[in-house]
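The values are calculated or read from the model by the stated rules, or taken from the named source; none is laboratory data. Model, not experiment: these values are computed from the prediction. Here the Cβ is made from the backbone with ideal geometry for all residues, glycine too, and neighbour counts use every protein chain on show.
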């Protein structure tokens, strides 16, 4: 248990990372910093009964498993700062573990504490109700629900799902689906292999994937915006207040846009038009796939 810091960064290796706020509860006991007989290691420091219900503190529970006691002894939770200063928490492995040690972290924080960066390798990252600014997972997915402030969420191999974000969102994945829903801000997303889904944002910035389908609500754009899939269909649902100059083109496929016109045929087909009073350019394209721009 740590007295309230000014900000938090947290990272684990070979394990899941869960961030939550006081009151939701994570169902695990506070750890006492010792090994127990089943290969589980708690590493958040000694329990403090006086702080058990302190909603202005940071509570960390580490659950560690390993293939041997010697490998288990090589894992430790390191905390730097805190108590009125930024707090950095990370898992370190002494020696070569070859994945033989797994450290899952449950972190409980005040709802208004800035979690500047949360990261995990070979695990999932889940956050609910926290003020989270950047989250990364390598070989695992990310899920962020109900957060305040601009958010950047990134994975190497895994899906990214965000919902109920009060701020702009940037999503990226090398291999995984990107999904944003109920965002009180603009959404930008880029995937190498994977689809993109955007529901109920204030507006969109650039959306791009090399291989995958794009399906997005488009209430607004705030500048020249590109929606592009190299291989995959694109479906957009413009909002009634959208003001944009739209260009939609595909090299292999069709363009269906009742408000603008439709185009079919061999080779590149292209449709142009405006929504509302016109305005910033919204360029929609795919090399292989059809484009639908709904009314």
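Here are some notes:
- Residue, nearest to residue 283 (Cα to Cα), within the range 169-189, restricted to residues that are under 12 Å from the mean Cα position of the chain (by Cα) and surrounded by fewer than 24 Cβ atoms within 10 Å (Cβ to Cβ): 188
- For the range 53-71, a residue qualifies if it is surrounded by 20 or more Cβ atoms within 10 Å (Cβ to Cβ) and in a helix (DSSP H, G or I), and exactly one does: 71.
- Being in contact (Cβ under 8 Å) with a residue 12 or more places away in the chain, closer than 28 Å to residue 85 by Cα and assigned to a strand (DSSP E or B) is a property that holds for residue 144.
- If you go through the range 234-289 and keep only what is closer than 12 Å to residue 218 by Cα and in a loop (DSSP other than H, G, I, E, B), you end up with 239, 240, 241, 242, 243.
- Among the residues here, residue 224 does not qualify as under 19 Å from residue 198 (Cβ atoms) and modelled with pLDDT under 95.
- Scan of the range 72-90 for residues that are in a strand (DSSP E or B) and either under 19 Å from residue 3 (Cβ atoms) or modelled with pLDDT of 90 or more (or both), ordered by number: 77, 78, 79, 80, 81, 87, 88, 89, 90
- Reported count of residues in the range 200-222, each being on the phi > 0 side of the Ramachandran plot and part of a loop (DSSP other than H, G, I, E, B), is 1.
- The criterion of being closer than 12 Å to residue 286 by Cα and either modelled with pLDDT under 95 or crowded, with 22+ Cβ neighbours inside 10 Å (or both) holds for residue 254.
- Subset of the range 149-168 (residues that are part of a strand (DSSP E or B) and either closer than 19 Å to residue 17 by Cβ or in contact (Cβ under 8 Å) with a residue 60 or more places away in the chain (or both)): 151, 152, 153, 154, 155, 156, 157, 160, 161, 162, 163, 165
- Flag if residue 104 is over 12 Å from the mean Cα position of the chain (by Cα) and in a loop (DSSP other than H, G, I, E, B): no
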